[in-house]
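The values are calculated or read from the model by the stated rules, or taken from the named source; none is laboratory data. None of these values were measured; they are calculated from a predicted model. All Cβ positions, even for glycine, are placed from backbone atoms using ideal geometry, and neighbour counts span all protein chains on display.
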Amino acid sequence: MGKEGIAGKSPVVCPDATPWFVLDSNQPNITMSETKNSQYLYIFRSEQNPPTPTPEQMEQIMGEWMAWIRAIREQGRFQSGDPLDDDGKVLRGPKGSTITDGPFVEAKELVAGYFIVTAPDLNAAVEMARGCPIFQRGGSVEVRRIENIPG
């Protein structure tokens, strides 16, 4: 695909296509080529006050997470991710005028962390998420495609 499009401008990225397509107007007819991978956000949720694991259980849990992360890295799909601290604030209203302790004191689940991964499509990202150890302890993973904002 050429580096320049119509009137010497860059190719147009069409964000409404799923998966994304890059329009290259350098050709006599506009052509579309699918990008190989999109980024996906995994949002990990767990119950708000889970039972405290023993040191042995914690070692096992961490080993399961590290093995899953290692497998994603070996596929070249892991981009970043971190656990989130339990403390936080929620801002609401005009200009964030209402501030409450968070993340969400009324919620039954707590957003525990996130990953950013790459995958060819949503179904592949979902299949990769199925290996997450959080399911063994009643947690969930929300999988969302990250939309890139041009510019």
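Data table
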quantity: Failed item, numbered, when Ala67 is tested on (1) within 20 Å of the chain's Cα centre (by Cα); (2) of a type in the set (A, V, I, L, M, F, W, C); (3) at pLDDT below 95; calculated: (3)
quantity: Count - residues of the stretch 116-147 that are surrounded by 13 or more Cβ atoms within 10 Å (Cβ to Cβ), among the basic types (Lys, Arg) and in a loop (DSSP other than H, G, I, E, B); calculated: 0
quantity: Output for the stretch 46-67, where each listed residue is out of contact with any Leu (no Cβ under 8 Å at 6 or more places or on another chain), of a type outside the set (S, T, N, Q), surrounded by 11 or more Cβ atoms within 10 Å (Cβ to Cβ) and within 17 Å of Gly138 (Cβ to Cβ); calculated: Pro50, Pro53, Met58, Ile61, Glu64, Trp65
quantity: Strands (runs of 3 or more DSSP E) fully within the stretch 34-113 counting 3 or more residues that are small (Gly, Ala, Ser); calculated: none
quantity: Selection from the stretch 91-120 of residues that are modelled with pLDDT under 80 and hydrophobic (A, V, I, L, M, F, W, C); calculated: Phe104, Val105, Ala107
